[in-house]
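A.B. asks: What follows is a single structure, and I will ask about it in a moment.
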Amino acid sequence: MNSRQSQLTRRRQKLAVRRAERERINGDLTHPEAPHGTLNGYVNYECRCGRCRDAQRRAMAQNRAYVRAQRIARDGALIHPQAPHGTASGRFYWGCECAPCREAARRQRQHNRHRTKENA
Ligand SMILES: [Zn+2]
Ligand SMILES: [Zn+2]
């Protein structure tokens, strides 16, 4: 009853309800009761109005700056000690400049270019 699982389920149900309560205003899915302009509005109400999207963007930028400030310089590159090395997110999210991360990022970019071409 009070397991973590049921907490998660309740949270998911609440989110599903709130998602359904959103209305499209000026093309944006907006939740009428969300605290607009906050990360809470974006995450917990799934509000996608301009102000909530701004809040999310700011939080992402802050988080990114925080994550990147933890990198250490090694052999002329900035290495993140906790990055999942050899993955594109190691490069793009963690900002790691080690050779495996750079290589993964390069592959991902090529892949994206390929996909964009296919969809065009
Ligand atoms: Zn909003
Ligand atoms: Zn790396």
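A.B. asks: Out of residues 5 or more away from residue 97 or on other chains, whose amide H comes under 5 Å of its own, with H placed 1.01 Å from N in the peptide plane?
C.D. replies: Result for residue 97 returns 78, 79, 80.
A.B. asks: Could you calculate the contour length gain from residue 23 to residue 107, that is, 0.36 nm times the residue separation minus the distance between their Cα atoms, to one decimal place in nm? Could you put the intermediate results ahead of the total?
C.D. replies: Working: separation 84, 0.36 × 84 = 30.24 nm, distance 3.93 nm.
Going from the current span to full extension adds 26.3 nm.
A.B. asks: Mind ranking 9-16, 46-53 by how tightly packed they are, going by the mean number of other C-beta atoms within 10 angstrom, highest first? Please list the in-between numbers first.
C.D. replies: Details: 9-16: 11.1, 46-53: 19.9.
The peptides rank, most packed first, as 46-53, 9-16.
A.B. asks: While we're on this one: What order do you get for 31-43, 64-76 when each peptide is scored by the mean count of other beta carbon atoms within 10 Å, highest first?
C.D. replies: Averaged packing, sorted descending, gives the order 31-43, 64-76.
A.B. asks: Using Cα pairs under 8 angstrom and six or more residues apart, how large is the relative contact order of region 70-120, in percent? Display every interim value, and only then the final one.
C.D. replies: Numbers: 61 pairs, mean separation 13.6, N = 51.
That works out to 27 percent.
A.B. asks: On to the next question. In whole Hz and in residue order, list the ³J(HN,Hα) couplings for region 94-108 that follow from phi through the Karplus curve 6.51 cos²θ - 1.76 cosθ + 1.60, θ = phi - 60°; x for Gly and Pro.
C.D. replies: Along region 94-108, the couplings run 7, x, 6, 10, 5, 4, x, 5, 5, 5, 4, 5, 5, 4, 5 Hz.
A.B. asks: May I pose another question? What is the sum of charges around residue 18, taking Lys and Arg as +1, Asp and Glu as -1, for the other residues whose C-beta is under 13 Å from the C-beta of residue 18? Mind dumping the intermediate values first?
C.D. replies: On the way: positive: 10, 11, 12, 14, 19, 22, 48; negative: 21, 23, 33, 46.
After counting each charged neighbour, the total is +3.
A.B. asks: Please list 3J(HN,Hα) in residue order for region 30-43, calculated via the Karplus relation 6.51 cos²θ - 1.76 cosθ + 1.60 where θ = phi - 60°; whole Hz, with x for glycine and proline.
C.D. replies: Values, residue by residue: 10, 8, x, 9, 5, x, 4, x, 10, 5, 4, x, 5, 7 Hz.
A.B. asks: Angle, helix 4-21 long axis vs. longest principal axis of the chain, Cα atoms, 0 to 90°, nearest 10?
C.D. replies: 70 degrees
A.B. asks: Please compute one quarter of the surface area of the Cα convex hull for the chain and express it in square nanometres.
C.D. replies: Working: hull surface 44.5 nm².
So the mean shadow area of the Cα hull is 11.1 nm².
A.B. asks: Then there is this: Tabulate in residue order the Karplus-calculated ³J(HN,Hα) for region 64-77, using 6.51 cos²θ - 1.76 cosθ + 1.60 with θ = phi - 60°, rounded to whole Hz; enter x for Gly and Pro.
C.D. replies: Ordered by residue, 3J(HN,Hα) equals 4, 5, 5, 4, 6, 5, 8, 6, 10, 7, 9, 6, x, 10 Hz.
A.B. asks: Taking N as the number of residues in region 1-67, what value does Rg over Cα atoms divided by 2.2 N^0.38 Å take?
C.D. replies: Numbers: Rg = 13.8 Å, N = 67, 2.2 N^0.38 = 10.9 Å.
With N residues counted in region 1-67, Rg over 2.2 N^0.38 Å equals 1.27.
A.B. asks: Another question, then. Going by how many other beta carbons lie within 10 Å of each one, how would you line up 103, 23, 97, fewest first? Please report the intermediate quantities before stating the final value.
C.D. replies: On the way: 103 13, 23 9, 97 20.
Listed from fewest to most nearby Cβ atoms, that is 23, 103, 97.
Coordinate-derived values only; no laboratory data. Every value quoted in this text rests on a predicted model; they were computed, and no experiment measured them. Counting neighbours? That spans all protein chains shown, and the Cβs are built from the backbone with ideal geometry, glycine included.
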